Each structure stands twice: as C-alpha cells, then as structure tokens.
Amino acid sequence: MARNEEKAQSMLYRFREAQAAELGLGTRADRRPKMASACKSLRECERWRGEILREISRKVSKIQDSGLTDYEVRDLNDEINKLLREKRHWENQIIALGGANYRRNVAMLDDDGKEVPGTKGYKYFGRAKDLPGVRELFQSKKKEEEEESVAFAYYKKFMGQGPAYYGDLDETQGPDGILAYERAAEEVEWRNAHVHIREALGLPLADPIPDIPRGTSSPPSNPSTSSSSSSSTSNAKRKASRASETELDAAENASGKSEQGGSLSVSKRSKTDNNDNNNSVQSPSHGLQAHIAQLHTHAQIAASFIPFLTPEALMPPTLPTKADMEEVLLRLRKEALVQEFFGAEGTVS
C-alpha cells in the first residue's frame with residue numbers, strides 16, 4: 001500500500017490539485033472560513049472576496065446552459081444567491097477592518113432605463129428568469145409598472161396648477177369675477193322688486209328706478225392696490241386714534257374744570273412741570289412732587305365720575321422710604337436684643 005507521501009507525488013494527485021486551484025476550491029488547509037468576522041487580516045478578506053466573485057462568475061456562466069433541467073437551474077440560482085450573501089458579509093468585514101467600500105447601491109437598469117425587477121433581495125439569473133412561476137412574476141410586475149405610469153400620466157396634467165385652477169382668484173378677475181356677477185344679480189333683483197311694488201301699489205312704471213344704495217367700498221383689485229389701500233387705511237386709523245386721544249384729554253380737562261375749580265390749574269402746572277422736566281434736569285424731590293400732584297389730579301377727575309369714592313381712596317399706596325425701613329429694622333433689632341437678655345418681662349415693661 002502506498003504511503004501518503006507517495007500519493008502526493010503521483011501524477012493524478014498533482015492534476016487534481018492544479019484543477020482545484022484553478023477552480024478556486026483550494027486544499028483543506030487553505031479552505032475559506034465560514035464566518036467572515038473570524039478573519040482579521042484585510043489581505044485575506046480581499047482574497048476570499050475575489051474567490052467568491054470568481055465562483056459567482058462561473059456559476060452565472062453555467063446557468064445559461066440550455067441543457068440544464070429546471071431543478072438544476074433552481075439549485076444553481078440558489079447557490080449564486082448564497083454566494084452573494086456571503087460576498088456581502090466579506091465586504092462588511094473589509095469595511096470594518098478599514099478597507100475599501102465595495103458596497104455601492106447602484107440599481108440595475110434594462111434597455112428602457114427602468115430598474116430591473118428582482119435586483120433587491122432574491123435575484124434571478126440566466127435561465128432562472130424563464131422558469132415556470134418566475135416568468136409570470138416578472139410579467140405581473142411589468143404590468144403593474146405600466147399601469148402606474150398610465151395613471152401618473154393621467155394625473156400629471158392636474159399637477160403644478162396655479163391658484164386660478166383652485167378658484168382662489170375668482171373674486172379678483174375683473175368683470176368676469178364672482179363679485180361682478182353678484183352685483184349684476186343684485187341689480188336685477190332690485191329692479192324686479194321695484195316693478196312688483198309699483199304694480200301692487202298702482203304707481204306709474206315709467207318713472208326711473210333708483211340705484212341700489214351701496215357703501216363706498218370697492219371690489220378688491222390686484223394685490224398691489226390692495227396693499228396700498230390697506231396701508232392708507234392703517235394710516236387713517238392711526239390718525240383717528242390720535243385725534244380721539246386728544247379729544248379724550250380735552251374732555252377730561254373740561255370735566256375737571258367744571259367740577260373741581262382748582263384742579264385745572266394744578267393739572268396745567270403739573271403738565272408744565274413735566275415739560276420742564278423733559279427739557280431740563282431738575283432735582284429728584286421736585287420731580288417726585290410733580291408726579292404726586294399729577295396722580296392727585298387724576299384721582300380727583302376719577303372721583304368726579306365715581307361719587308362714592310374720595311380722591312384719597314383712589315391714590316396709589318404710599319411706599320415706605322429707605323429711612324423708614326431702617327428705622328423699623330432698628331426697632332426690631334432692639335426688641336430682639338431686649339428679649340434675648342431680659343426675656344419676655346423686659347419686652348412687656
């Protein structure tokens with residue numbers, strides 16, 4: 001019986017070894033690891049990925065053979081998908097080791113530029129696309145895509161329409177707008193009502209029919225005129241509010257003059273004092289007195305409208321000054337010291 005060393009030197013063994021190396025199978029000692037994460041060498045990962053690519057290329061070429069049965073075609077297609085999954089694992093390991101990124105998500109397109117069905121997930125190669133059941137799957141997907149394209153082409157004409165399509169400009173379209181139509185309908189109804197009333201009352205119908213009493217408002221025009229009109233109305237409102245404020249101040253002064261004889265002079269004096277304070281720098285005590293006088297004037301004016309309240313009740317509360325607060329704190333400290341050294345009897349006495 002021949003030994004292992006003698007078997008290794010035989011011509012048949014050498015031929016088998018060269019054939020395995022050509023097919024990318026390798027020997028038992030040089031077999032591809034089952035787990036890609038077990039390989040920690042970037043060079044080895046690149047090598048095993050290249051070997052998987054060669055296997056995929058051979059099997060894709062073999063699956064084109066017309067002499068294969070349907071079962072063999074299915075088995076070959078399953079093996080190719082298994083190799084693709086294994087290739088993805090090796091590519092992930094290469095990225096984890098800091099290598100190149102071979103995972104490019106590029107869609108496979110047909111002659112019409114559409115994405116080929118079956119390019120994501122489980123893929124079909126060669127004669128596998130003509131297997132019974134698979135052909136119907138591709139035809140149904142193609143039919144669905146055609147239906148979607150037809151529906152999209154039908155609804156595309158409704159996309160990108162302007163505001164006029166949705167009726168947003170119906171009120172501002174000049175003589176053809178809704179407002180013009182409503183005005184014409186109102187005039188017709190007004191004339192018919194006048195004719196009916198004159199016939200009922202026996203009045204002559206030859207008399208001219210008066211126009212509809214309308215306000216000064218005009219129908220809305222284009223946005224530029226509407227913005228200018230809105231700005232003009234806002235300016236008018238500001239002027240009216242200022243005029244109303246001046247009238248209110250005049251009314252308050254008049255009422256204070258009629259009911260309180262000296263209140264007008266005090267208010268005038270306070271106003272002049274305020275103007276003097278704004279124009280020139282004065283002492284803080286003088287400004288405080290002027291402020292108190294102004295508050296007293298306002299309280300008198302308010303009390304003239306509310307008879308059951310006095311001006312003193314409408315005055316704001318008087319806040320303690322810094323000296324008053326220091327005096328209170330000093331008294332509390334003295335009481336605390338007396339209670340600490342003499343007890344409750346000392347505080348009572």
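Before moving on, here are some points about what is shown:
- Extension gain (nm, one decimal) between M35 and F15, 0.36 nm per residue minus Cα-Cα: 4.2 nm
- Of the accessible area of segment 121-170, computed with a 1.4 Å probe over protein heavy atoms only, carbon and sulfur atoms account for 56 percent.
- Modelled this way, with points 7 Å down the Cα-to-C-beta line, the labels at Y165 and R135 are 4.3 nm from one another.
- Between Q339 and E312, residue separation times 0.36 nm minus the direct Cα-Cα distance comes to 5.8 nm.
- On the basis of the beta-carbon distance and an R0 of 41 Å, K156 and Y122 show a calculated FRET efficiency of 0.80.
- Over 24 Å apart at the Cα level, from the set K40/K87; K87/K123; K87/K143; K59/K142; K59/K129, are K87/K143; K59/K142.
- A206/E146 FRET efficiency (R0 45 Å; Cβ-Cβ; nearest 0.05): 0.05
The values are calculated or read from the model by the stated rules, or taken from the named source; none is laboratory data. These numbers come from a predicted model, not from an experiment. All Cβ positions, even for glycine, are placed from backbone atoms using ideal geometry, and neighbour counts span all protein chains on display. Areas reflect the complete protein model, heavy atoms only, side chains present, ligands, DNA and RNA absent. Shrake-Rupley method; radii C 1.70, N 1.55, O 1.52, S 1.80 Å.
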